[in-house]
Amino acid sequence: MTKEQNQIWRFFASVKLALVMIFVLAGTSILGTIVQQGRPPEFYAQSYGAEMARVLQLLDIVPNMYGSWWFVTLLLIFTLNLIICSLDRIPTAWRMVALDNLESSPERLKKMPLKAEMRINEGADAASERVRQLLDAAGWSAQSRDKEGGSMLFAQKGAWSRLGAYMIHLSILLILLGALVGEVFGFKASIMFPEGETIDYVFDRKSRQRIGLDFKLKLDNFEINYYPTGMVREYRSDVVLTDPGKLQQPLSTSIIVNQPLQHRGITFYQSSYQPLEEFLIQLRNQDTGRQHQALAAPSRRIQWQDEELVFGVTNIRADRSGRIHQYQVWLNSPGAEPSTFTVRDQQGVTVQRPAHDYDFQIEQRYATGLQVVKDPGVWVVYTGFALMCLGLGTTFMVSHRRLWAYITPDGDGKAKLLLCGGSNRNKISFDQRFAELAEKLRRDPAIS
Amino acid sequence: MESALLLNLTTFAYLASALIYVAILVFGSTNRTIGLTATLVTAGALLLSTSGILLRWYEAFELGFGYYAPFSNMYESLVFFAWCVALIYLGLEYIYKNQALGAFAMPLAFLAQAFAEHWPQWDQDLTPLMPALQSNWLIAHVIASFVGYACFAVAFGMAVVYLAKNHNVEKSGQPAGTGIFAALPHLKVIDDVIYKTIFFGFIWFTVGGLIFGAIWANSAWGTYWSWDPKETWSLITWFIYAGTLHVRYTRGWSGKKIAWLAILGFISTICTYYGVNFLLAGLHSYA
């Protein structure tokens, strides 16, 4: 590496930069929560005055600060910093994981903070085997090596937890990568279409460009259900999905808020609706059972020729959101004055005419608004999430605990045991474990 | 509603608990009976609150709400927040065997509960869940976020203790402090409590607030991140605590500096929790 390269590397490898970036990102992010994002230019001119609105626009704070060149640059620096900072430190952490701890010198062991000395009533070789078995029984499976006239045993737990922090770093990179994949290979679109219609296309949310689908979606019915209190309980689109390439027969299903429909990597979310000034009228001759269906609009005249019926809606009562509650209807057939009556939405009445009586039912038509998303990066993001949980759990709950036992001959066919250990985190809890272990060893009849 | 009565009583129980802990601290009491009373009153308050929350859940079920979870509006979430603070404090008391810290944690639980009960701004009516909230992620997301929030609140309380005691220690020159400060744990212990509660809270907040929130957002709105003010503020809070943990690990910061960061982090937490709902527009305006 040349000197300049080295300097650039050192710059991006510095923790100081990471800390600065973390606090700069936190600080700048506040801006976009105070200044509303994604509103039309008029909104900003009105709320902040023309001058200020221009400044905000010039600084790219509106309409989309989080996608602005400077914020993205900050994110890029942060990402680069995260990568290089981790690459710079992983080798050291890895060395701790892969370290041959049997190479530790007996002198170093004597200086460890946690230690216990014991005497064993047998020769060093037998003693070493005894200690190994005792440690094994206590859950510490040790390796051993002969050393400077004695033998050393070593066991460790959770060595890989030294990598926990880097798992978290990698998880952040995965999440960012997933976001990028979604941005490049996916789309966010929407579609609004009325009951009875079929679509095989959607519109990109930003460019409004038409995006074709490889299957068809028909809206059978849109429905709003209410709680007894009058609050909305559910928005539901009943749809039929037709895709001869993938499905043997059309799939009838519902799209509900929180229960999207997924097909071919594209997900449909219930997001809005539109009451239409159109009504579906169903008529049934009560004597013959013959039925007729017609689509009506206000003050349009409709005929059912076979029965010589003419009818129409003269007036509607709708609420502010456009939902129709009541209709004023007229219906005529030869032999009598026209019948006029009122009927509530989705309810039926019987209309008496000289020739026959008819069931009359009327229902307002709705259009459903669906968000349509293709995001192949979402699984990369979710993998990142899983890794982040794993990394956090590892860092918090697992510590690298190490245990050495050094057995040396002590004359008279007896041996001396030096037990020592340490933990990189949760030291207090390990102190206790260590004391318990030493106690356990001492309970062995040959050890004192 | 029976649950309203229980939750109202909880307020007084938290108040009693807070007062006893403050008394223990101020009078430097070492009386075993008073200490036990404090713990029992707190546990009792927690039990009252738990029954209140569960009963409210049951009442919603009885009213035919169908899917419901008692964490769906500001009132319910504050009640749950107070519950978390009390629980986390009892955990700390058990681990550190020190009751002087209660004087800085339980008043927070009381304040949150009193806010919930008596702030006119939000109503306590049991209202059914709007469609966007009808998801199992509601329970996971809210519970985990609030455990995180409550940890940050406790860390904040401990940071205030730390700074007060530190001031006293510096002024008096006594390493253990004088007067009521002598009854408090050693500065190093408080520092350890601050760091551990922040780390513990950080895990809950990351997993519950950010990750569960993102997964839920993706299943409800089709996007796991939309820079909505609440999302952005949780990210800001996350950055602050992530920064705090990093300065501790890599630059060895402790004591006063960490205490100030704990305070900064909690201010950001309040912005995330309260500020965004009422001061800024966005997707989370319901809770």
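No lab work stands behind these numbers, since they all come straight from the coordinates. Keep in mind it's a predicted model, so treat the numbers as computed, not measured. Positions of Cβ are backbone-derived with ideal geometry, glycine not excepted, and every protein chain shown enters the neighbour counts.
Below are the figures for this structure:
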item: Residue within the stretch B:152-160 that is assigned to a helix (DSSP H, G or I), more than 16 Å from B:Thr272 (Cα to Cα) and free of Cβ contacts under 8 Å to residues at least 60 places away in the same chain present; result: yes
item: Members of the stretch B:240-249 found to be surrounded by 15 or more Cβ atoms within 10 Å (Cβ to Cβ) and not charged (D, E, K, R), listed by number; result: B:Ile240, B:Tyr241, B:Ala242, B:Gly243, B:Thr244, B:Leu245, B:His246, B:Val247
item: Counted residues, the stretch A:339-388 - those being β-branched (Val, Ile, Thr), farther than 22 Å from A:Phe215 by Cβ and within 14 Å of another protein chain (Cβ to nearest Cβ); result: 3
item: Residues of the stretch B:191-214 classified as free of Cβ contacts under 8 Å to residues at least 60 places away in the same chain and more than 10 Å from chain A (Cβ to nearest Cβ), total; result: 1
item: Any chance A:Leu403 is under 20 Å from A:Ser161 (Cβ atoms), in contact (Cβ under 8 Å) with a residue 60 or more places away in the chain and touching a strand residue (DSSP E or B) at 6+ places or on another chain (Cβ under 6 Å); result: yes
item: Residues satisfying the stated conditions in the stretch A:30-55, i.e. touching a residue at least 12 places away in the same chain (Cβ under 8 Å), facing chain B (nearest Cβ under 8 Å) and in a helix (DSSP H, G or I); result: A:Gly32
item: Subset of the stretch B:44-81 (residues that are surrounded by fewer than 16 Cβ atoms within 10 Å (Cβ to Cβ), free of Cβ contacts under 8 Å to residues at least 24 places away in the same chain and not in a helix (DSSP H, G or I)); result: B:Gly64
item: Verdict on A:Arg208 being in a strand (DSSP E or B) and either within 14 Å of another protein chain (Cβ to nearest Cβ) or of a type outside the set (Val, Ile, Thr) (or both); result: no
item: Residue list for the stretch B:121-140, filter: part of a helix (DSSP H, G or I) and within 12 Å of chain A (Cβ to nearest Cβ); result: B:Pro131, B:Ala132, B:Leu133, B:Asn136, B:Trp137, B:Leu138
item: Residues being within 13 Å of chain B (Cβ to nearest Cβ) and of a type in the set (A, V, I, L, M, F, W, C) - total across the stretch A:229-281; result: 8
item: Any chance A:Ser190 is crowded, with 19+ Cβ neighbours inside 10 Å, assigned to a strand (DSSP E or B) and of a type outside the set (A, V, I, L, M, F, W, C); result: yes
